[in-house]
Amino acid sequence: MARQIATRSKESTMNVDCKEFENLLSEGISELPDAAAAHLRNCRACAEEWQAWQEVAQAAPALRKTWESPELWPRIRQSLAVEVKRAERWHWWRGGAFRQWGLQWQATAAAIVLVLAGLGGWMMLHPTRDASVDGDRRLLTESTLDEIERNEAAYLKSIDKLSQLAAPKVQDAESPILASYREKLLLIDSAIGELRNQVDRNRFNAHLRQELLLIYQEKQRTLEEVLKDGSHAN
Amino acid sequence: MSLPPKPAAIAEEDWQHIEALFRGSLPAFERLYQEHGGRMKSIACNLMGNTSDAEDAVQESFLKVYRSIRSFQGHSSLSTWIYRILVNTCLDLKRKQRRQALPELANTQETVPQPQGLTANHPLRLTLEKIVAGLDDRLRNVFLLFEVEGFKHSEIADMLNISEAASKVALYQAKRELRGWLARSQPAARNQL
């Protein structure tokens, strides 16, 4: 009955005022102009519409979320600190060391950047899929993965040993060549970190594993060069 | 690398803050977090659906602010620019999640925090939350930013890269849908307001 009255009322006042009121609603008004308020006194349908509109607006703020997260700022702070450090290193490197220490470095850095860029592009074109669902041939089986992880572990062990031997030379680098090796190793470590993050999210991706292995090899080679060249430099 | 010259529209104090952010000053970022972190979390939670993804989105947004502060041109306020980054980050993450369709996402829904005002299990809030979640993305984003978070249409237009008129139309459509759903699904809840 009330609906019938409302409909009749709306029909009887279905003029510019009702349309204007509809326009006002579509404008997202939160307070009624005087003319619209006067219209509502004579038009029950529009008055009900306005009432319902207000109820939604009043209830909406209840959807605002608050919760304690004391660990969030420290987490953000830490990630920002890493990012700032990386940017500083990059600017320093690009501005001075990169020009100073020749083409060999530029080629290595460019290769690493290309690998990462290629990897990024590859990831965009080949979004991660569940290996168990589609059995994609680019994904590794459990047994192959075990073997690769054993190889990676062997590389890491070798790299650890070399790192221990090379550490005193690199940390106390006085010659430009050793300082440049130190920067190169930092860059490689950063690339390894990024790749490891990708691998952690998708352990069965053969492409990622291959890239990681290549970078491990590059680190191993660089450490060997440090030990070899370092003895001449010092 | 340095910042471009200060745009005329930006106040000196804001510019100093921007310069500090550009230099990677952690106290400057902390100030940003203190001023906007709470609202950023709420927006992200409503867009992402759970606190864990929301916090990830906020963290990622701060990194993006640092990486792209140089491109801030002062066409909008710093805060609007930051919220724009946040909203885009959330939308990107959601797209990525949909593409990857990770099964564990279904389990993250339980970590939705207590709301302000109405109690967690208030029928109207629960109904509204459910209906809002079912809205088309475009309508939901505008509704959340305008009615829940209190942004102006001009700010929403800037954040979502749409016109003010489009923002108003989307809000109108969202409220029309919500009003219809609420009337049908929870007449008792409406009376409890």
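Laboratory data are not the source of any read-out in this text; all were calculated from the coordinates shown. These numbers were taken from a predicted model, which means no experiment stands behind them. Glycine also receives a Cβ, built like all others from the backbone with ideal geometry; neighbour counts cover every protein chain displayed.
Brief remarks follow.
- Cross-link partners for A:K161 among the aspartates and glutamates, with Cα-Cα distance under 20 Å and sequence neighbours closer than 8 places in the same chain left out: A:E149, A:E152, A:D172, A:E183, A:D189, A:E218, A:E224, A:E225, A:D229.
- In terms of its Cα atoms, the stretch B:1-112 spans 48, 25, 21 Å along the principal axes, sorted from long to short.
- With R₀ set to 41 Å, the beta-carbon distance separating A:A87 from A:S30 gives a calculated FRET efficiency near 0.40.
- Difference of contour (0.36 nm per residue) and Cα-Cα distance, B:S79 to B:Q16: 21.2 nm
- If R0 equals 35 Å, the separation of the Cβ atoms of A:R196 and B:R31 corresponds to a calculated FRET efficiency of about 0.60.
- Proximity of backbone amide H atoms, modeled 1.01 Å from N, is registered between A:N205 and A:L140 at under 5 Å, excluding neighbours fewer than 5 places apart on the same chain.
- Length added when fully stretched, A:S163-A:E147, from 0.36 nm per residue minus Cα-Cα: 3.4 nm
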